[in-house]
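A short worksheet on the structure shown next.
The values are calculated or read from the model by the stated rules, or taken from the named source; none is laboratory data. Small disclaimer: the values here were computed from a predicted structure and weren't measured. For neighbour counting, all protein chains shown are included, and Cβ atoms are generated from backbone atoms with ideal geometry for every residue, glycine included. Ligands, DNA and RNA are stripped out before the accessible areas are found, and what is left, the full protein with its side chains, is counted by its heavy atoms. Shrake-Rupley method; radii C 1.70, N 1.55, O 1.52, S 1.80 Å.
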Amino acid sequence: MAFTILLIEDDTSIFQLIKQQFTKWDLNVKQPENFKDVMHSYHEINPQLVLIDIQLPAYDGFHWCREIRAISNVPILFLSSRDQPMDMVMAMGMGADDYIQKPFHMDVLLAKVQAILRRTYAYAEEGEKDEYVIWNGASIDYASSTVTYQNQTVDLTKNEQSILRILLKYKNQIVSRDDLMRELWDDERFVNDNTLTVNINRLRGKLEQLNLADVIVTKKGLGYMAIIKDVS
């Protein structure tokens, strides 16, 4: 399958470099026609992954991340020269799947993009049978990436869904951080450890919105565990 990537980057040299390198791997890279109306290009292109810079003309990358997340769970990866930890926290909190600081090594960027594409679209190709499960009274629909409980529904990002799927695969068993990172990103050398923490906390926050607090517990020094509570 040939994937299309929307690269929201106004630096022409960076855009051309990424496009040139990604084309060698059968990745089709597109750029918005108008940075004041990125969503028009998004709808026209219908990408399988979005790369966003923070500093852009008219509106910043955070704005476009919010706009995209309002309608889609497509994977989003930030590229930015800004090195403040809060920028990464904000990006992940808005639903981004990863954050890479400029200048970056092209091999690292390509590895991250390929890993995100594999884990995002492999499930659909595998045709797994457990696309709908019940956990602690909540209905988890992997096909729509949602969790519903007591007539309330929250949307999950691809990372959040993948983490939940892995934890539920080993219900009431501890899954180490290293095992989670290996399953999520294939090669843990390309993983920022803080990224996992942000995604876990964000997943917990969404479950708490559904009054499902403390269903994912931390075992200090060991990892995480999805528990089954008595909901009778």
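For this structure, a couple of remarks:
- All positions within region 3-40 that are surrounded by fewer than 13 Cβ atoms within 10 Å (Cβ to Cβ) and assigned to a loop (DSSP other than H, G, I, E, B): Lys24, Trp25, Asp26, Glu33, Asn34, Lys36, Asp37
- Taking strands (runs of 3 or more DSSP E) as the structural unit, those lying wholly within region 68-182 and holding at least 2 residues that are more than 25 Å from Gly205 (Cα to Cα) correspond to 76-80.
- Tally, over region 41-85, of residues that are polar (S, T, N, Q), touching a residue at least 12 places away in the same chain (Cβ under 8 Å) and open to solvent by 30 Å² or more (accessible area, probe 1.4 Å): 5
- Checked across region 154-167, the condition of being touching a residue at least 60 places away in the same chain (Cβ under 8 Å), within 21 Å of Ala70 (Cβ to Cβ), open to solvent by 50 Å² or more (accessible area, probe 1.4 Å) and of a type in the set (Asp, Glu) holds for at least one residue.
- Long-range neighbours under 8 Å by Cβ, at least six apart or interchain, first residue among the basic types (Lys, Arg) within region 17-33, second assigned to a helix (DSSP H, G or I) and surrounded by 11 or more Cβ atoms within 10 Å (Cβ to Cβ): Lys30/Ser41; Lys30/Ile45
- Criterion violated by Asp26 - all others in (1) at negative phi; (2) modelled with pLDDT under 90 satisfied: (1)
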